[in-house]
Amino acid sequence: MVKSYEKSNKPVKINLEESFAESLEYMYNGRHDEAVEIFKKTLALNPLNLNTWHKISNIYIMKKEYDEAINAIIEALLIDPEDETLWYYLGLAYSLKKERRKADHAHWRVKFPFEFHSHMDRLLLSAKLELSYAYFQKNQCNIAIDICEKIIAQYPGYVRAILFLSYIYINKEEYTKATSMCNLTLDVDPENTSALNNLGCIFNNKTEYNKAIEVLYRALNKTPKSSHSLNHIGLAYYKIGEIDKGINYIKQSIKVDSKYQPAHDNLAMIYQEVGRELEEEYRESVVPEGIAKKESNLKSFYKLAKFLYYTKNFEECATACRKCLEYRPSSKKALKLLSKANKKQDIKLWKPNTSH
C-alpha cells in the first residue's frame with residue numbers, strides 16, 4: 001500500500017524552496033529522519049513534486065527501509081511513469097530486497113547507463129549536487145561552487161557536476177572559468193552537447209559570434225533537434241547581421257520545443273529591434289503547467305500498471321489503469337487489467353466518464 005502524504009486541514013506556513021534546501025542539508029549530513037520529515041511537509045503542499053519523491057525514496061534506500069522506498073517510488077511513478085531514474089531506483093530497491101525477478105522487470109525499463117562504483121555513491125552524489133543547486137538558487141554561489149569542487153575532486157569524471165559548475169560561472173559572468181569547465185567536460189566526453197552548448201552561450205555573451213556558431217553547429221550535428229542549439233545559433237546569426245537567417249533558426253527552436261521560453265524571448269526581442277510585427281503563431285509564449293497528456297503517457301501508464309499487477313500492488317495497479325483510461329477511455333487492455341486488479345481487491349468495476 002502506497003502511503004500518500006495528504007494535505008492537512010490546518011494551515012501550514014512553509015517556504016518550499018528553503019525547506020527543500022534545509023532537507024537536502026540534513027540528507028547530505030546523514031540526518032535522514034529529519035530530512036524525511038521536512039520532505040513530507042513539502043509534499044503536503046505539493047504532492048506532485050517528483051524531485052521530493054526522488055529524495056524520499058533515496059533516503060529510505062540509504063536507511064535500508066526498502067519497502068518504504070518502493071512505496072515512495074510507486075507514488076512518484078503514478079505521476080510520471082516515464083521517469084527512468086525512478087524505474088532504476090525501483091529495481092535497486094527490489095534488488096537489495098533480494099527480489100531479483102522484480103528488480104529485472106523494473107530495470108528493463110531503464111535505457112541509460114549508470115557509471116559509479118556503488119549505488120550509495122550515486123545517491124550521495126545526487127544529494128550533494130542537489131544541495132549545490134539549492135544554494136545557487138538562493139544566490140549563495142560561493143557555497144554552491146565549493147560543493148561542486150569537492151564533488152569533482154572526489155570524482156574527477158563526474159560530468160554533471162562539472163557542467164553545473166560551468167553554468168554557475170556563466171551566470172557569474174566568469175567566462176574564463178566557465179570555459180575551463182566546458183573544456184574539462186569535453187576532455188572526458190569530446191561530443192558532450194551540453195558542454196558545446198554552454199561554450200556557444202559563452203562565446204555569444206563575449207560577442208565572439210562566429211566562434212559561437214562553429215561550436216553550436218558541432219552540438220547541432222550531434223542532436224539536430226536541440227532547441228537550445230538552434231536558439232543560440234539564431235541569436236549569433238542575428239548579432240552578425242544575418243537577420244532572416246537568425247530568425248529562421250529561432251523559429252526552428254520554437255517548433256522543436258514550444259515551451260522553450262528563451263527562444264520566445266529572443267524572437268520577440270529581434271522583431272521589436274527590427275520593427276517587425278510578430279506572427280500570430282509565435283505570440284503565445286505562456287508555458288502550461290503539468291505533464292502534457294500524450295500518447296506515450298498512455299503506453300507508459302499501461303506498462304506501469306502491468307508491473308504493479310505483477311508485483312501484487314493491486315490498488316496502485318488500478319490507479320495506473322484509471323490514468324490510462326483518462327487518455328483513452330475505450331482502451332480494452334487497460335479496462336481488462338483494471339477489472340483483474342479490482343477482482344484481486346474485491347472492488348466494483350470503475351467505468352470511465354463518457355458523457356463529454
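Among the residues of the range 10-63, those that are at pLDDT below 80 and either in contact with a strand residue (DSSP E or B) (Cβ under 6 Å, 6 or more places away or on another chain) or aromatic (Phe, Trp, Tyr) (or both) comprise Phe20, Tyr26, Tyr28. Tell me whether the range 276-287 contains one or more residues that are of a type in the set (Gly, Ala, Ser), closer than 30 Å to Asp265 by Cα, at pLDDT below 85 and out of contact with any Ser or Thr (no Cβ under 9 Å at 6 or more places or on another chain). Looking through the range 276-287, none of the residues is of a type in the set (Gly, Ala, Ser), closer than 30 Å to Asp265 by Cα, at pLDDT below 85 and out of contact with any Ser or Thr (no Cβ under 9 Å at 6 or more places or on another chain). Go through the range 48-84 residue by residue and tally those that are closer than 20 Å to Asn313 by Cα and either surrounded by fewer than 24 Cβ atoms within 10 Å (Cβ to Cβ) or of a type in the set (Ser, Thr, Tyr) (or both). Residues in the range 48-84 being closer than 20 Å to Asn313 by Cα and either surrounded by fewer than 24 Cβ atoms within 10 Å (Cβ to Cβ) or of a type in the set (Ser, Thr, Tyr) (or both): 16 in total.
Being modelled with pLDDT under 85 and among the polar types (S, T, N, Q) is the filter; apply it to the range 323-341 and report the residue that is farthest from the chain's Cα centre (by Cα). Here the answer is Ser330.
For the residues Ile243, Ile233, the requirement of being over 24 Å from the mean Cα position of the chain (by Cα), within 22 Å of Ala178 (Cβ to Cβ) and among the aliphatic types (A, V, I, L, M) singles out Ile233.
Output the residues belonging to the range 130-140 that are out of contact with any helix residue (DSSP H, G or I) (no Cβ under 6 Å at 6 or more places or on another chain) and either of a type in the set (Asp, Glu) or free of Cβ contacts under 8 Å to residues at least 40 places away in the same chain (or both). Matches in the range 130-140: Tyr133, Asn139, Gln140.
The values are calculated or read from the model by the stated rules, or taken from the named source; none is laboratory data. Quantities reported herein were computed from a predicted structural model and do not represent experimental measurements. No Cβ is skipped: glycine too gets one built from the backbone with ideal geometry, and neighbour counts run over all protein chains shown.
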